[in-house]
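Quick note: the coordinates plus some simple rules give every number you see, no bench work behind them. Nothing here was measured: the structure is a model prediction, and the numbers come from that model. FYI the Cβ positions are ideal-geometry reconstructions off the backbone, even for glycines, and counts take in every protein chain you see.
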Amino acid sequence: MKPARVAVGAVGALALAAAPAVSATGDYPWVSLRNSDFVVLIAFVLFGGILVYFKVPSILTGMLDKRADTIRKELDDARALREEAQTLLAEFERKQKDVQDEAQRIVAQARADAEAGAAEAKRDLERTIARRLKAAEDQIASAEEAAVRDVRNRAVQVAVAASADVIRAQLGPKDSARLIDESLSVVDARLH
């Protein structure tokens, strides 16, 4: 407010305050220092004048304006902080969504890797089992061949021993020399 308006307002307020003094009646005339209402009116007008002279209304108005400016600035700061908080919240929510999406991608990739690893491990296991089965079958076949050879060799040894015993019992020295010669000629023919 401007000081002129404050002064006009103060004079109007003083006039309203003087209304009871004007209407007061008593033993003394209204404009007399003995009339207490008049003295109060003069004191009030002087007090109001002193306030206006020392610019108290403008000081009060300035203080109120400063307070209003401070409140306005605080409200602006609060709005700015609120907008910043909303921006940070939106950014946080976006980052949280990005993190969730990334976590889902990581989980999906881990599942795919685990499934691929499990399939590869299964194939490796099947190959290992097949290789071991083949090795076992080869060992069994080799053992069978060795057993058959051993049985044949043993049968040959038994047959040779039995034949030798039969031949010794049935052949004489002349027949034995003849058989040795025939055997040597057969061996010689097969070797050359």
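Helix 173-191 and the long axis of the chain differ in direction by around 40°, with both axes built from C-alpha atoms. For the chain, relative contact order (Cα pairs under 8 Å, six or more residues apart, normalised by length) works out to 13 percent. Plainly put, the chain has a radius of gyration that is 2.09 times its Kirkwood radius, both from alpha-carbon atoms, as the Rg/Rh ratio.
Of the listed peptides 63-69, 30-36, what is their order by residue-averaged count of other C-beta atoms within 10 Å, with the highest listed first? Walk me through the numbers before you get to the answer.
Values: 63-69: 10.4, 30-36: 12.6.
In descending order of packing, they fall as 30-36, 63-69.
Determine the calculated [θ] at 222 nm for the chain from helices alone, applying -39500 (n - 2.57) to every DSSP H run no shorter than 4 residues and normalising by the residue count; nearest 500 deg cm²/dmol. Taken over the chain, the calculation gives -33500 deg cm²/dmol.
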